[in-house]
Structures are given as structure tokens and as C-alpha cells.
Amino acid sequence: MQIENFKIFADLVETKSFSKSAKLNSITQSAVSQQARAMERHFKALLVDRSQKQFQLTREGQRVYESAKEILHAYEMLLSELQEMKKVVSGTIRISTIYSIGLHELPPYIKRFLHDFPSVNVRIEYRRSNLVYEDILHNSVDFGLVAFPAKVRQIEMLPFRDDHLIVICHPQHALAKRGEVTVSDLAGQKFIGFDPDIPTRKAVDQIFRDNHLQIEPVMEFDNIETVKRAVEVDHGIAIVPQATVVQEARQGTLAVLRFKGGDFTRPLAILHRKGRVFTPAMKKFIDTLGLDLPDARGA
């Protein structure tokens, strides 16, 4: 029985999907099924209850899974300790992030990190917020970056920074020359919003509710870049994170308006799976972000 067998089985249990486990391990779905059956033959016990429509472990399967996690954790700790003994900072860091953070908040940190640690590869996937959490839970990435982080039992959160929410409009829009606006100034304006399930949209909706303002978006999009393009062609105004429009404000393609008499912020956070073993490269990445990891995490 090899480490890979335990890894594939643990991924199968956590994703409850043969196809997802196969994708995580770069093998075929049938290979995952064969691995599960091979473990059953090895332990002389049924591990997966195939009489159920949904994926379900037997009692023996649950015990093997718990031991597999312990074995994998010990193995990851060993690898991390050996790398630290050799003072090696290498490997791959996998990041799942929402578009606005990945495109506008993260690049300076990635540039600095790769300059300091050129032997490390950084792979970034741009995802909707709910899928970032799924990636973390399924161990398909090392870190996730989200806005307005939600508490999830198996996920730990490191506060990253706060971004300011501002209003953007076309440079020739009636509001453009004001520089500052109140929430009530937005009444009657054509509003361009994010999709309803996106956390920043939920926060914006709450701002409107708190100010007793009813606004129905004329357009809704799932990412910041499309929202900005719609505002640039004067289809309406939008409330967006300030860091996402620095370039457009500098170039004069968008007018940026701050809120008068109030400051609305968007908290950003780094996510990781609870119990995660941090490699030297992962620790250095967290250092580059200016964050601290308690000694209890990682080796």
C-alpha cells in the first residue's frame, strides 16, 4: 500500500465523487474505482457502500479514511521538515481566487514572491466565490482568496486587508464632476451590479437597504472586468472595489466617486483547509502577503 493509494482514497471520500478525485490526481475515473477496490482487497473489507445512490462509506471505510488522513498528514509533515532542514524553498503553490482579487490585489505580491523565490511555481485559478470554498474543501488548491469571507467549519481564515467600495461612472456622466456622492444621490440612476450570489453584490444590496433605497440593476455580471466595461460605455453606474479601477481612473476612462459621510469597506481574506501542513514555500508566500501563521500550523 503506497502513499498515493491513501491520497486517492481520501480525495474520493472528501469530494464524494470518482470523477473529481480522478481530476485531483490526474488519473482516469476508472483508475480511482480500481484503487478503491484494491484497498478493499488489501484490507479484506468493504469500504464504500455501493448499495446507496449517494456516495457513502461503510464503518470500515470511515476508519480507513481517518487513518489515511493521519498517514498523509505525517507524510506531509516529514516532507516539509526535510525541506526546511535542507533550506529548500521550491515546489508549486496553487491558489483559487475571485477575479477582482486575483487581477488587481494579488499581482504585486506574486511579482515580489517570484522574484525572491524563483524556484517556486504559482498556479492561479480564477473562480466564483462559492467555488473557491469548494476548491479549499476538496484540497484541490493550497490557498483561496475571497471577499466578505464566510465561516466554514473545515476552513481557516487569515484576514488579508480591507478594500474601499466606491462609485464609478462614465467621465461625462452627470455625477462625474462631484468627486463625492451620498448613497441617496444614486436614486434614479441606472445601476450595473454583480450577480446576486456574489458577496460584493450582497454587501451593496445591504448598503441600499440600510439607506432605504430601492435600486434594481439594469445589468448584472459575474466579474469585475465586465462591470467596468459596461460603465465605460455609459450603460450605467456601479459600486466596485477601489483597487479594481486604479488603471481606468489614471487613464481617465472612468470617473471615481467616493462616498460622502461614510466609508464602505470590503474585507478580504486568505483561506486554507484546517490541519493543512505548510511547506516552506507556502510559509514564505504567507510572509510575502504580510501575514503571520501561528506556530501550530505547519512544521
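The values are calculated or read from the model by the stated rules, or taken from the named source; none is laboratory data. The structure displayed is predicted, hence computed values, not measured ones. Glycine gets a Cβ as well: all are built from the backbone with ideal geometry, and neighbour counts include every protein chain shown.
A few notes on this one:
- Pair list, Cβ < 8 Å and 6+ apart or interchain, from segment 185-202 residues that are more than 16 Å from Val227 (Cα to Cα) to residues that are among the β-branched types (Val, Ile, Thr) and outside any loop (DSSP other than H, G, I, E, B): Leu186/Val167; Leu186/Ile237
- Strands (runs of 3 or more DSSP E) contained entirely in segment 113-185, each with at least 1 residues that are among the charged types (D, E, K, R) and within 23 Å of the chain's Cα centre (by Cα): 120-126, 155-169
- Ile224 vs. criteria touching a helix residue (DSSP H, G or I) at 6+ places or on another chain (Cβ under 6 Å), within 14 Å of Cys169 (Cβ to Cβ), touching a residue at least 12 places away in the same chain (Cβ under 8 Å) and not assigned by TED's automatic domain parsing to the domain that holds Leu145: no
- In segment 74-110, the residues that are of a type in the set (A, V, I, L, M, F, W, C) and in a loop (DSSP other than H, G, I, E, B): Val88, Val89, Ile98, Leu106
- Considering residues of segment 278-299 that are charged (D, E, K, R) and assigned to a loop (DSSP other than H, G, I, E, B) only, the residue modelled with the lowest pLDDT: Arg297
- The test for being part of a loop (DSSP other than H, G, I, E, B) and either of a type in the set (S, T, N, Q) or touching a Leu at 6+ places or on another chain (Cβ under 6 Å) (or both) holds for Thr253.
- Condition check for Thr92: touching a Leu at 6+ places or on another chain (Cβ under 7 Å), among the hydroxyl-bearing types (Ser, Thr, Tyr) and within 21 Å of Thr288 (Cβ to Cβ): no
- Some residue of segment 221-230 being under 19 Å from Leu106 (Cα atoms), among the polar types (S, T, N, Q), in contact with a Ser or Thr (Cβ under 9 Å, 6 or more places away or on another chain) and not in a strand (DSSP E or B): yes
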